[in-house]
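For reference, the structure is listed below as structure tokens.
The values are calculated or read from the model by the stated rules, or taken from the named source; none is laboratory data. Everything quoted here is computed from the prediction, not taken from an experiment. Here Cβ is always computed from backbone atoms with ideal geometry, including for glycine, and neighbour counts include all displayed protein chains.
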Amino acid sequence: MKTQILIISIFFSYFFSIASVPGFYISDENNKTQYVVNSLKTKLVWTGKKVIGMHTGNIIVSKGTMYVENNKIVSGDFDIDMKTITDTDLEDPKTNASLVGHLKSEDFFNIGKYPIANLKIKNVIQKGEKFLIKADLTIKGITKPLEFEANIKISENNIIASSTILVDRTKYDIKYGSGKFFEGLGDKIIYDEFELKINLYAEKK
């Protein structure tokens, strides 16, 4: 027992001694710079396609934070307020309201039970001029891994990022109109993948 205590003491003595050496770096939350999403300057556009057409609209990113270390994003967490989903291509008010109501229903995002979707950045890898983002996306309480490329510009006071993300809705139990799960839909098929186009603006806290 005394030998084990001696070994542990020597280890910690050595660890803290080298931690004080210039150039030795210990990463912790205090060493990261926090950036907070500006919801008014951030735009999230969704697009869903079907055999005979498509629809598009907006959703608000209600809050989000990113942490930067050594000029690299190391983590991020974003809430998407599904209650704010809109349609921008249908001009008739009744038709527009009908579509938005359907999107909010149990057939699609079931916002009564799941009002918030979430994206968590797990890793960011630079690939030339772009960045590969590895993240977890949660919709309707279901979390799945997701990868996508993004353009990211980090400055002292803000982060500006843009990306187009393809999401397979069936992975999140959104099966309405899917030819993968229902036969005989013909031209009423809604494609499984929908697009999220994000232009994000975050400010240094």
Surrounded by fewer than 16 Cβ atoms within 10 Å (Cβ to Cβ), touching a strand residue (DSSP E or B) at 6+ places or on another chain (Cβ under 8 Å) and part of a strand (DSSP E or B): does that describe residue 193? yes
Per the filter on the range 85-137, residues farther than 30 Å from residue 72 by Cβ, of a type in the set (Asp, Glu) and out of contact with any strand residue (DSSP E or B) (no Cβ under 6 Å at 6 or more places or on another chain) are 91, 92, 106, 107
The residue that is nearest to the chain's Cα centre (by Cα), considering only those in the range 131-173 that are closer than 25 Å to residue 192 by Cα and polar (S, T, N, Q), is 138
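Table: residues versus (1) surrounded by 12 or more Cβ atoms within 10 Å (Cβ to Cβ); (2) within 19 Å of residue 60 (Cβ to Cβ); (3) at pLDDT 95 or above.
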| site | (1), (2), (3) |
| --- | --- |
| 89 | yes, yes, yes |
| 94 | no, no, yes |
| 99 | yes, yes, yes |
| 104 | yes, yes, yes |
| 117 | yes, yes, yes |
| 124 | yes, no, yes |
| 134 | yes, no, yes |
Next item on the list: For residue 112, indicate whether it is loosely packed, with under 12 Cβ neighbours inside 10 Å and either modelled with pLDDT of 95 or more or among the aliphatic types (A, V, I, L, M) (or both).
Entry: yes
The residue that is nearest to residue 34 (Cα to Cα), considering only those in the range 69-110 that are over 19 Å from the mean Cα position of the chain (by Cα) and among the basic types (Lys, Arg), is 104
Flag for residue 200 being within 19 Å of the chain's Cα centre (by Cα), in a strand (DSSP E or B) and closer than 24 Å to residue 53 by Cβ: no
- [ ] Would you check if residue 140 is surrounded by fewer than 17 Cβ atoms within 10 Å (Cβ to Cβ) and not aromatic (Phe, Trp, Tyr)?
- [x] no
